[in-house]
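The values are calculated or read from the model by the stated rules, or taken from the named source; none is laboratory data. Only a predicted model underlies this, so the values are computations on that prediction, with no experimental measurement involved. For neighbour counting, all protein chains shown are included, and Cβ atoms are generated from backbone atoms with ideal geometry for every residue, glycine included. Just the protein is used for accessible areas: all its heavy atoms, side chains included, with ligands, DNA and RNA removed. Shrake-Rupley method; radii C 1.70, N 1.55, O 1.52, S 1.80 Å.
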Amino acid sequence: MDKVRAAADYKKREYRVEELAEAAGITTRTLRFYRERKLLQPPRKQGRIAWYGEEHLARLRMIGELLDRGHTLGGIAELIGAGESGQDVAELIGLEAAIVAPWSDETPVRLDWDELKTAFGDQLTEENTAESIAQGYITVEEDGITHVSRRLMDATTELVAEGVPLSAVLDASRRTQEHIDAIAEIFIEVVSDHLLSALSGETPLAPGEAARLTERILRVRPLARTVADAQFTLAMDRRVRAEYAELLRQRREYGSEA
């Protein structure tokens, strides 16, 4: 009986503005800002005193968690609005996480200047470094650099070791990046037009639709990588055969002239 009464008292507990802010770990100024942005439901008014309940504290904690995950206040407002219109906020959060989750699983690598000098020698120039920065692959610190991808960094050092100039590797990287961005744009169009079209309208998602979209996106992501890999390898087969045929033709012509 005492436990039941304690639970009832917990649900009925109310807070003044200062008490609610302290319980949520925020300032009263932040709390009032959330109210102005309509992120927080209206309090119960008793004269000039505003009383807040446990539902307000739960809302503030949810806002804090979403901000920690990288959500913007505008996005949080949309999620809260969707929840108040009957949609499952947890499902919507899961859908957003599936959409914006990183596609790459690259591991950054840290190299000091001595290691870079060993790998690239006199090709470690200001021009090549500036090109790497411009392509978004490295950040430079006082004692070295951090590359966003260990795999790309390893491939670069191995190509240079095989005799390909670093400037040529960076030029190929820049041109490849332009084409890869175009390929990514094609996949984005396909997904947006045929899988996420329900999100472009103003009509709320039907119950369970966000969860279904999340499952579909998770299934499609590896398929997109498979298609891109297969298309690239098939294109390499075509180009290698064509280049080799041209090389043989030139050698035959050179032999006949000799």
>> I need the full set of residues from the stretch 120-149 which are within 18 Å of Ser173 (Cα to Cα) and part of a helix (DSSP H, G or I), in order please.
In response: Phe120, Gln123, Glu126, Glu127, Asn128, Thr129, Ala130, Glu131, Ser132, Ile133, Ala134
> Does any residue in the stretch 105-124 that is open to solvent by 40 Å² or more (accessible area, probe 1.4 Å) come within less than 6 Å, Cβ to Cβ, of a residue that is small (Gly, Ala, Ser) six or more places away or on a different chain, and which pairs are these?
Replying inline: Glu106/Ser149; Asp112/Gly144; Trp113/Gly144
> So which pairs qualify, if the first residue must be in the stretch 129-155 and closer than 16 Å to Asp114 by Cα, the second must be part of a strand (DSSP E or B) and among the acidic types (Asp, Glu), the Cβ gap must be under 6 Å, and the two must be at least 6 apart or on different chains?
Replying inline: Asp143/Asp112; Gly144/Asp112
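This table checks each residue for (1) in a helix (DSSP H, G or I); (2) at pLDDT 80 or above; (3) under 21 Å from Thr214 (Cβ atoms); (4) open to solvent by less than 70 Å² (accessible area, probe 1.4 Å).
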| position | (1), (2), (3), (4) |
| --- | --- |
| Ala21 | yes, yes, no, yes |
| Ala50 | no, yes, no, yes |
| Glu55 | yes, yes, no, no |
| Glu65 | yes, yes, yes, no |
| Glu78 | yes, no, yes, no |
| Gly83 | yes, no, yes, yes |
| Gly94 | yes, no, yes, yes |
| Pro102 | no, no, yes, no |
> Got a sec? Which of Leu199, Leu213 is within 18 Å of Ala98 (Cα to Cα) and open to solvent by 50 Å² or more (accessible area, probe 1.4 Å)?
Replying inline: Leu199
> Can you tell me which residue in the stretch 196-214 is modelled with the highest pLDDT, limited to those that are closer than 17 Å to Gly81 by Cβ and in a loop (DSSP other than H, G, I, E, B)?
Replying inline: Ala206
> Are any residues in the stretch 23-48 β-branched (Val, Ile, Thr), within 29 Å of the chain's Cα centre (by Cα) and in a helix (DSSP H, G or I), and if so, which ones?
Replying inline: Thr30
> Scanning for something more than 24 Å from the chain's Cα centre (by Cα) and more than 27 Å from Pro102 (Cα to Cα), does the stretch 168-183 turn up at least one residue?
Replying inline: yes
